[in-house]
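The values are calculated or read from the model by the stated rules, or taken from the named source; none is laboratory data. Everything quoted here is computed from the prediction, not taken from an experiment. Quick reminder, even Gly has a Cβ in these numbers, built from the backbone with ideal geometry, and neighbours come from all protein chains shown.
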Amino acid sequence: MSARAVGLAYCDARGRIFFDGTRMPLADGGVVREPRAEELIPAPPGTVSTMLPGRSPRSTRGIEKRRTALAAILPAGYTRLTVPALETRAGAPALPLFGYTFACVVDDELHVAAMRTDESEDWTPRYFGDGELERILDARLAGDPENRVLRQVALCSRDYGCFTAQNVFLERGEAALPVSPKCNARCVGCISELGQDAGIPSPQTRIAYETTAGELARIAVHHLERVEDGIVSFGQGCEGEPLLRGITIARAIEKIRERSSNGTINLNTNGSMTNELKRCIDAGLQAVRISLNSFRHDVYAAYYRPMMYSLDNVLASIALAVRHGLRVSLNLLAHPGVTDDEDEIRAMQTFLHEVPVTMVQTRTLNIDPHVYFDLVGRPNNPLGMRAAIDAIRAHQVAVGNFTHTH
């Protein structure tokens, strides 16, 4: 570390935050170690500090048994570089699905292990006055009262603060078009539906019905006609896998383009059904964001737990979209100690060399770090998240966090 005074940030049992400048906290990027000076930045606006109940922080003096660990949740536009080193006590509750980032105190100021990788006003939190959001939602719902999709994104706007859902009503940026109540993966960290054995509730409620092409098209046309360079996106956090409803998506795209040629039609997907993706491309799909956590088959399968498909299908879908000239982004669910393992970086570079995607979006994988390491294993040789990002950029692939139109 540098000469700066780095100390432990922690909580007491009541969640109050304290600093201890006499303790050097430890990070866990696959290997427990001291944080590096170049990893630390002042906590950016929008950072949320969170206590980790039943977990003690680790420092160079050992396990801080009488203290409760603290982590940070980063705002959009930042990539996490490492996670806190923890000791889980007996009987500790399961952690909810958040992206836990290493935090410490530097010269009496909270710092986090992160780097800025994107920025967009459309992803800046909007703070509403009393009743303001409800009035905006009600006015838009009144214009299309029978539209179930609009009611779903209103729910997500109000209850979950989803940016892409709010964009439908604020008429800006990328707007949500949820379409599928079912999924063909059983992701360990799914935010809309978890098994009864997960031990934690899903943070969102999944859409419960199959939406129609007409409902989807009405929202999309309204948005694209009012937002310069607007984007409408099938596939959201409140649903399953949209390609299971490829026919409906293709029909919706056709309806949209019958009425408007503006903006970009995007699909967020796990890329499992290459033929259905081709159907959507033929209908006029312009951009696709395909999610994965790894370019290694065993690591991918451990987290996604796919049903009737494999990572090979995902990679084939990416290649198909690139061949057809779509703007292709990878939604890389990033986790220090996995994404930056030397073996992972090598597998990623091999694929990016053969399939030149437009962008890799580093998305924080929201999960208890110990749970994830137990699932996929610890790294053989972690090179650091900056090295992973540099490896992406070395292939002339942009790194970001949001969907861009150009």
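Being in contact with a Gly (Cβ under 7 Å, 6 or more places away or on another chain) and surrounded by 18 or more Cβ atoms within 10 Å (Cβ to Cβ) is a property that holds for Thr82. Exactly one residue out of Phe98, Phe19 is aromatic (Phe, Trp, Tyr), surrounded by 14 or more Cβ atoms within 10 Å (Cβ to Cβ) and over 30 Å from Asn380 (Cα atoms), and it is Phe19. Being touching a strand residue (DSSP E or B) at 6+ places or on another chain (Cβ under 6 Å) and under 20 Å from Tyr100 (Cα atoms) is the filter here, so list the residues in segment 337-391 that pass it. Correct list: Gly337, Asp340, Asp341, Gln361, Thr362, Arg363, Thr364, Leu365, Pro369, Pro379, Pro382, Ile389. Scanning segment 1-42 for residues that are touching a helix residue (DSSP H, G or I) at 6+ places or on another chain (Cβ under 6 Å) and either of a type in the set (A, V, I, L, M) or modelled with pLDDT of 95 or more (or both) turns up just one, Met1. I'd like the full set of residues that are in contact with a helix residue (DSSP H, G or I) (Cβ under 6 Å, 6 or more places away or on another chain) and assigned to a strand (DSSP E or B), limited to segment 231-243. The answer is Val232, Phe234.
Looking only at segment 71-89, which residues are among the aliphatic types (A, V, I, L, M) and modelled with pLDDT of 95 or more?
Ala71, Ala72, Ile73, Leu74, Leu81, Val83, Ala85, Leu86
Set side by side, the residues Gly214, Gly246, Gly263 differ, and just one is farther than 27 Å from Ile318 by Cα, of a type in the set (Gly, Ala, Ser) and out of contact with any Phe, Trp or Tyr (no Cβ under 7 Å at 6 or more places or on another chain), which is Gly214.
Quick grid of which residues meet (1) without any contact (Cβ under 8 Å) to a residue 60 or more places away in the chain; (2) among the aromatic types (Phe, Trp, Tyr); (3) surrounded by 16 or more Cβ atoms within 10 Å (Cβ to Cβ); (4) assigned to a helix (DSSP H, G or I):
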residue: Val357; (1), (2), (3), (4): yes, no, yes, no
residue: Gln361; (1), (2), (3), (4): no, no, yes, no
residue: Pro379; (1), (2), (3), (4): no, no, yes, no
residue: Ala387; (1), (2), (3), (4): yes, no, no, yes
residue: Asp390; (1), (2), (3), (4): yes, no, no, yes
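For segment 142-152, a residue qualifies if it is within 20 Å of Arg206 (Cα to Cα) and either out of contact with any Ser or Thr (no Cβ under 8 Å at 6 or more places or on another chain) or of a type outside the set (A, V, I, L, M, F, W, C) (or both), and the qualifying residues are Glu146, Asn147, Arg148, Leu150, Arg151, Gln152. Considering Gln196, Gln236, Gln286, the condition of being polar (S, T, N, Q), more than 27 Å from Leu137 (Cα to Cα) and modelled with pLDDT under 95 is satisfied by Gln196 alone. Taken over segment 232-254, the criterion of being under 18 Å from the mean Cα position of the chain (by Cα) and not small (Gly, Ala, Ser) is satisfied by Val232, Phe234, Gln236, Cys238, Glu239, Glu241, Pro242.
Can Ser233 be described as of a type in the set (Ser, Thr, Tyr) and touching a strand residue (DSSP E or B) at 6+ places or on another chain (Cβ under 8 Å)? Yes, satisfied.
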